[in-house]
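The values are calculated or read from the model by the stated rules, or taken from the named source; none is laboratory data. Remember, predicted model here, so these are calculated numbers, not experimental data. Cβ atoms come from the backbone with ideal geometry, glycine included; neighbour counts cover every protein chain shown. Quick note on the areas: whole protein, heavy atoms, side chains included, nothing else; ligands and nucleic acids left out. Shrake-Rupley method; radii C 1.70, N 1.55, O 1.52, S 1.80 Å.
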Amino acid sequence: MAAMEKSLVALVGMGTVGTGVARLLLDHGDRTARHAGRTLWVQHVVVKHPDKPRDADMPQGVITDDLQRLLQDPQVKVVAHLIGGLEPARTIMLQLLESGKDVVTANKALLAEHGPELFDRARDLGRTIAFEASVAGGIPIIANISQCLAANQVLSLEGILNGTSNFIITNMQEQGVSYDQALREAQRLGYAEADPAFDVDGSDAAQKLAILAHLAFGARVHWQEIPRRGIDEIQVNDLRYASDMGFSLKLLAIARLRDAGLELHVSPTLVPKGTPLAEVRSAFNAINVVGDAVGPVFFHGQGAGQMPTASAVVADMIDVAVGRAAITFANLKLWSQQPPRVDLSDHAHTQSKYYFRFDVLDQPGVLAQIAGILGKHHISIASVHQYDRDKDHATGTVPLVIVTHRAQEQHTSQAQREIQQLQVVKTTGERLRILSVEGGN
Ligand code: NDP
Ligand code: HSE
């Protein structure tokens, strides 16, 4: 039997994800070869600290801190770029493209920040960038939106796109562990970024949403233009009150095509229990996509972690090695100079049902004052709940939770500011969007 053809590949970065990629390529080379029609042979692994112990059994001499060795090896055509952050990640990706390599990356921060420069450069050089692992880890959402759902106009996307945040919320909600404990566990398990600030403040989800918005809607949006809030200020009491009322809190990234333009935001959102998004637990991600032809399609899977992410990276390496990725990349014209297909709508005008919590003095007339302000801002109350069990006897305050009918973002934020100024209201409280069961929030 003729020996199978070899394609030489390389990794830059062998941390959480890189180690998973190395393990798949080394331990399951037969699988990869079957799909690629050739062996993907790891020729170089470039890291920062070559002497660090690794969890994958790389042959002697493959691991190096000398990037030039890879750049000057013309036989290596496919490189998995698995380092985080912006620099030197950006410079290394440009060097890889310029030395004739196609690049597979999981670095969404880099794409969301420098996508136009990197994609233009790749196109100019006739090279490919594949990035399935950059959004939702092991869920093949990039391929689905850009290829499998290509006959559709995507109408909306609702996603849980940050595994670390979902892991923290689930552990706080279900196990009663503290925010700090849950975050430390997410870091130990390899879900969190080297600096987890972007995981918990909504930035990571906004970066992923920006990538999806480019693909699904032709939007040309920088992730920092996306209004966002994370889970870092959520209080455990609000999780309990929401749960009593039949909601789970989720960090949702939302994109909706409206007459006024594309609505985009990332917000901690109350999702009715029993709906698929509400049941997404731990570091799992999920995306509910509605297309005009297909209707709703729900994707669910592990959104972070070593092997799920490696699964997406290796699939991209195969696609690049066999030439499939080059066709898609050329046709998609991502982050190109083409004008946007859609403009963003004004976030202030977006609508949702809302949950408010105010810590108020337990005395007559308080509700009337609050209801008056809500009414003045055209906000209609759906229900009111007072949690006497959590009365603070030192200050005499009780948590008062108000659920509204649909109202405009600008009206609810202005009303919240005014209510916070009342003498009878003692803390900044909380304001959360509520996802409607019938779709839309
Ligand atoms: P890690 O921090 O675990 O690993 C980073 C790797 O990059 C390390 O091997 C490090 O080398 C190497 N490195 C850092 N700087 C350099 C440099 N200048 N030259 C060469 N190598 C360098 O990160 P992850 O594996 O967790 O993440 C990698 C990327 O994947 C990030 O962009 C992340 O956002 C993304 N991602 C991560 C997921 C996850 O679940 N962890 C999921 C989806 C995407 P050394 O080991 O020697 O220190
Ligand atoms: N830190 C990211 C998360 C990794 O928790 O979702 C996957 O992109």
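The Cα atoms of the range 296-441 define a convex hull whose projected area, averaged across directions, is 14.6 nm². Length available on full extension from Arg54 to Asp73: 0.36 nm per residue minus the Cα-Cα distance, which gives 4.5 nm. Rg and Dmax, both from the Cα atoms of the chain and both in Å, are 24.0, 89. Extension gain, Ser243 to Arg121: 0.36 nm times the residue separation minus the Cα-Cα distance gives 39.0 nm.
Scanning the chain for GluC sites (Glu not before Pro) lying in DSSP loops with no more than 16 further Cβ atoms inside 10 Å, the longest uninterrupted stretch between such sites is 6-232. Helices in the chain, meaning DSSP H runs of at least 4 residues, each add -39500 (n - 2.57). Divided by all residues, the mean residue ellipticity at 222 nm is -10000 deg cm²/dmol.
Model label points for His222 and Gln147, set 7 angstrom from Cα along the Cα-to-Cβ axis, are 3.3 nm apart.
In terms of its C-alpha gyration tensor, the range 143-302 has a prolate overall shape, because the principal axis ratio a/c (a ≥ b ≥ c, square roots of the eigenvalues) is not below 1.5 and a/b outweighs b/c. Eigenvalues of the alpha-carbon gyration tensor of the range 351-434, scaled by 5 and square-rooted, set the equivalent ellipsoid semi-axes at 21, 13, 11 angstrom, largest first.
For Ser99, the accessible surface of its heavy atoms amounts to roughly 40 Å² (probe 1.4 Å, protein chains only, rounded to the nearest 10). With both residues required to sit in the range 248-404, DSSP beta bridges show an antiparallel share near 95%. How many angstrom lie between the C-alpha centres of the range 14-69 and the range 367-418? That distance is 56 Å. In the range 1-85, one over the average inverse separation of all distinct C-alpha pairs is 13.2 Å, which is the Kirkwood hydrodynamic radius. Each Lys and Arg adds +1 at its Cβ and each Asp and Glu adds -1 at its Cβ; summed about the Cα centre, the chain shows a dipole of about 620 debye. Label sites at Gln338 and Lys273, each approximated as a point 7 angstrom past Cα along Cα to Cβ, lie 4.6 nm apart. Taking Thr309, Thr39, Thr427 in turn, the Gaussian network model of the chain (Cα-Cα springs below 10 Å) assigns the largest fluctuation to Thr427. Backbone phi angles across the range 296-311, fed through the Karplus curve with coefficients 6.51, -1.76 and 1.60 (θ = phi - 60°), yield HN-Hα couplings of x, 10, 10, 10, 9, x, 6, x, 7, x, 4, 6, x, 6, 4, 4 Hz in residue order; Gly and Pro are listed as x. Heavy-atom accessible area for Leu361, with the other protein chains in place and a 1.4 Å probe, reaches approximately 40 Å².
Volume of the convex hull of the range 49-89 (Cα atoms only), normalised per residue: 113 Å³. When the Gaussian network model of the chain links Cα atoms closer than 10 Å, the mean-square fluctuations of Arg23, Arg229, Arg341 top out at Arg341.
For the chain, the relative contact order comes to 16 percent (Cα pairs under 8 Å, sequence separation of at least 6).
Here the spin labels are modelled as points 7 Å beyond Cα on the Cα-Cβ line, and at Glu87 and Glu418 they lie 4.8 nm apart.
With R₀ set to 51 Å, the beta-carbon distance separating Met4 from Arg406 gives a calculated FRET efficiency near 0.30.
Among beta bridges identified by DSSP and lying wholly in the chain, the antiparallel ones come to about 70 percent.
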